[in-house]
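Structure, as C-alpha cells:
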Amino acid sequence: QVQLVESGGGLVQAGGSLRLSCAASSGTLSNYVMGWFRQAVGKEREFVAAISRHGLTTNYADSVRGRFTVSRDNAKNMVFLQMNSLKPEDTAVYSCAASRAISPHSSVSLYDYWGQGTQVTVSS
C-alpha cells in the first residue's frame, strides 16, 4: 500500500513558477513509475508528466513539454514537478500517482495509487 501526499500548490501570476512535491507516507516510491496528472473544473483528468523508477526516463504531455520538469529523489521517497512559465490554462488540481508499470506512461487506469491533490491557480 502506498499513501501519497502532494504539496506546493498555490496562487501564482502567469509567467511564474511553482514546484510541487509528492511524498509517500507509506510505501517505497522507487518501486513505482510516478506520474503527475491534473484536473480542471468541469474537465477530465489529464496526464501531465511521468518518470521511470530510477529517474532516467521521462514522459510529458505536449501542453507542458519544455515548461514542466518531473524529477524524483528516491533516497527521500519523493517526486517533484517543477512548473515554469505558467499559464492560466494550467489552473487545476494536480495529483501524483504511482504505477507498477515498467515505463513512464500516461494511462490513468494503470496507476494504482493516487494522492488527494493540490490546487494550482494561475492568474492572468
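The values are calculated or read from the model by the stated rules, or taken from the named source; none is laboratory data. Computed from a predicted model, the values in this text were never measured in an experiment. Glycine also receives a Cβ, built like all others from the backbone with ideal geometry; neighbour counts cover every protein chain displayed. When the accessible area is computed, the model is the full protein with side chains, heavy atoms only, and any ligands, DNA or RNA have been set aside. Shrake-Rupley method; radii C 1.70, N 1.55, O 1.52, S 1.80 Å.
Cut-off 10 angstrom, C-alpha nodes, Gaussian network model of the chain. Which of 15, 35, 55 fluctuates the most?
Result: 15 has the largest fluctuation of those listed.
Which of 110, 29, 81 moves the most in a Gaussian network model of the chain with Cα springs under 10 Å?
Result: 110 has the largest fluctuation of those listed.
Leaving ligands, DNA and RNA out of it, work out the accessible area of residue 12 with a 1.4 Å probe and give it in Å² to the nearest 10.
Only protein atoms counted, so the area is about 20 Å².
At a probe size of 1.4 Å, how large is the accessible area of residue 69, to the nearest 10 Å²?
70
Ignoring ligands, DNA and RNA, what percent of the 1.4 Å accessible area of the chain is carbon and sulfur?
Result for the chain: 47 percent of the exposed heavy-atom area is carbon or sulfur.
About the Cα centre, and with charges only on the beta carbon of Lys, Arg (+1) and Asp, Glu (-1), how big is the dipole of the range 23-124? Nearest 20 debye, please.
160
In sequence order, what are the phi-derived ³J(HN,Hα) couplings for the range 36-46 according to the Karplus relation 6.51 cos²θ - 1.76 cosθ + 1.60 with θ = phi - 60°, rounded to whole Hz, with x for glycine and proline?
Each residue's phi maps through the Karplus curve to give 10, 10, 9, 9, 8, 4, x, 10, 6, 5, 10 Hz.
Have a look at the DSSP beta bridges in the chain and tell me what percent are antiparallel, nearest 5.
The antiparallel proportion sits near 90 percent.
Can you compute the FRET efficiency between residue 30 and residue 7 using 1/(1 + (r/R0)^6), with r the Cβ-Cβ distance and R0 = 30 Å? Round to the nearest 0.05.
In this case the efficiency is close to 0.90.
In terms of the Cα gyration tensor, with a ≥ b ≥ c the square roots of its eigenvalues, is the range 49-109 rounded because a/c is under 1.5, prolate because a/b exceeds b/c, or oblate?
In terms of gyration-tensor shape, prolate.
Once Rh for the range 16-75 is found with the Kirkwood sum over Cα pairs, what is the Stokes-Einstein diffusion coefficient at 25 °C and 0.890 mPa s, in µm²/s?
192
Would you mind pulling out the separation of the Cα centroids of the range 98-124 and the range 1-62, in Å?
Here the answer is 5 Å between Cα centres.
Tell me which of 50, 116, 75 sits at the most positive position along the dipole axis of the chain, charges placed on C-beta atoms (Lys, Arg +1; Asp, Glu -1).
The one lying farthest along the dipole's positive direction is 75.
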